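The values are calculated or read from the model by the stated rules, or taken from the named source; none is laboratory data. The model shown is predicted, which means the values in this text are computed figures rather than measured ones. Cβ placement follows ideal geometry from the backbone for every residue including glycine, while neighbour counts extend to all protein chains displayed. For accessibility, only protein heavy atoms count, side chains too; no ligands or nucleic acids. Shrake-Rupley method; radii C 1.70, N 1.55, O 1.52, S 1.80 Å.
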Amino acid sequence: RSVHSIVWAQWSDLLIENGWEKDTNLFAFAMDWRLGPPSYLGEDQTFLRFKTLIEKAVVSSGGPVSLVTMSLGGPFVALFCADYVSEDWKAANIYNFVSVSGVYGGSSSPLNSLFSGKWGELIPSFLLSSSRDTARTTQVLPWLIPAKSVFGAERVWIRTPYKNFTAADLATPLREAGALAAADLWKSVTHLTGNRLAPNVSTVCIFGTDSETVESLVWSGDGDMSRPPDSVTSATGDGTVLHESLKACSDWQFVQEQPVTTFTVTGVKHTQFLTHRPSMELFLKIMLKDDPIKRVERKK
């Protein structure tokens, strides 16, 4: 099955109903979500394949294209725009960037995966140990844990009886937990967050708010981080990503000339946008180059 039918089924159908055609002016890009920045430029050549598809879409459709992303796709496209292609290339090939539930400063759900093996409610308890081992082999999770550039250096993400840890040093607890590769990778990618990802293209960010979201991980007793946390604390976000990371894209307006428009949708969780009709209708107006700001209540 294609990316159109697996992930973007309802959004693709909506566009097709309004005149778009698959493989003419509607394309999907498939990527290995486990990979991270080192592989985007490395052997996998993810950025090169993405650039090639965009150029194909521009030729096929007859003009610059919109890049539409969900979750991890947001920082992937932002980094592609910020680091891989030139300003002239973007002006010729990209009309705008529409980010849904983009993760621009990391969050605690990926951090929890590295320590416990949990992926929301997807993994049954008897598979958590194996899931944790798998999580620690990914390149992407160390990139998606809380970043100092967005959350600052004082907020506590890991609490133990003997010490608390902030985004200034998440390598130490990762090492204590045995996630050595993740600790090393975190050091090399944590700066690729926040305003560092400003894409210098016209951007629309859509994300949910006011849902309980994992914040800090808590160990009691001996504080042994080789075992999963005993509990978690919560803050507001979209149920997967904390609010500050979702809205970090709004700060790009201060570091790029191109406009940045932000829409928040109360109570809609991270991937629920894929089936949330009002958000789909907002997206359609954006794609039709309508002015949704005049018709949809905008919240900053």
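Using a 10 angstrom Cβ neighbour count of at most 11 plus a DSSP loop assignment to flag exposed GluC sites (Glu not before Pro), which longest range of the chain is free of such sites? Write out the running numbers ahead of the final one.
On the way: sites that count: E21, E43, E121, E154, E257, E297.
Excluding the exposed sites themselves, the longest stretch runs over 155-256.
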Out of A248, A147, A181, any idea which swings most in a Gaussian network model of the chain, alpha carbons joined below 10 Å?
A181
Intensity falloff of region 1-116 expressed as log10 I(q)/I(0), Debye formula with alpha-carbon point scatterers, at q = 0.09, 0.20, 0.21 Å⁻¹:
-0.26, -1.25, -1.35
Under 5 Å between amide hydrogens, which residues at least 5 positions from V268 or on another chain qualify, with H placed 1.01 Å from N in the peptide plane?
T209
Could you look at region 150-260 and say what percent of its accessible area is carbon and sulfur, using a 1.4 Å probe and all protein chains?
50
Please report the net charge: other residues with Cβ closer than 14 Å to the Cβ of S86, K and R +1, D and E -1.
-2
Gaussian network model of the chain, Cα within-10 Å springs - most flexible of G73, G106, G267:
G267
Among the listed pairs K22/K51; K118/K163; K118/K285, which are separated by more than 27 Å between their Cα atoms?
K118/K285
With a bin width of 5 angstrom, please list the P(r) values of region 1-61 as percents of all Cα-Cα pairs, from the 0 bin to the one holding the largest distance.
4, 17, 22, 20, 19, 12, 5, 1
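Filter the chymotrypsin sites (Phe, Trp or Tyr not before Pro) in region 145-202 down to the DSSP loop ones having no more than 15 other Cβ atoms within 10 Å, then list what survives.
Details: sites: F151, W157, Y162, F165, W186; in loops: Y162.
Those that pass, being in a loop and sparsely packed, are Y162.
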Fully extended, how many nm does the chain gain between V156 and E212 (0.36 nm per residue separation, minus their Cα-Cα distance)?
18.4 nm
Taking placed amide H atoms and a strict 5 Å upper bound, the residues 5 or more places from R155 or on another chain that come that close are A167
What net charge is computed for the residues neighbouring T213, neighbours being all others with C-beta under 12 Å from the C-beta of T213, Lys and Arg scored +1, Asp and Glu -1?
-4
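Between rounded, prolate and oblate, where does region 93-157 land on the alpha carbon gyration tensor, with a ≥ b ≥ c its root eigenvalues, rounded for a/c under 1.5, else prolate if a/b exceeds b/c?
Numbers: a/c = 2.49, a/b = 1.50, b/c = 1.66.
It comes out oblate by the Cα gyration axes.
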Can you classify region 123-202 as rounded, prolate or oblate using the Cα gyration tensor, where a ≥ b ≥ c are the square roots of its eigenvalues, rounded means a/c under 1.5, and otherwise it's prolate if a/b beats b/c and oblate if not?
oblate
For T262, residues with placed amide H under 5 Å, excluding near neighbours
C205
Which value, in Å², gives the accessible area per residue of the chain when a 1.4 Å probe is used on the protein heavy atoms?
45
If every Lys and Arg gets +1 and every Asp and Glu gets -1 at its Cβ, then about the Cα centre the chain yields a dipole, in debye to the nearest 20, of 160
Picking from M225, A171, T69, whose Cα lies most toward the positive end of the charge dipole for the chain (charges on Cβ: Lys, Arg +1; Asp, Glu -1)?
T69
The distance between the Cα centres of region 126-168 and region 176-201, in whole Å, is 11
Hz values of 3J(HN,Hα) by residue in region 172-188 - Karplus curve (6.51, -1.76, 1.60), Gly and Pro given as x:
4, x, 4, 5, 5, 7, x, 8, 5, 5, 5, 4, 5, 5, 3, 4, 8
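In the chain, what percentage of the DSSP-assigned beta bridges are antiparallel, given to the nearest 5? Write out the running numbers ahead of the final one.
Numbers: 10 of 31 bridges.
Of those bridges, close to 30 percent are antiparallel.
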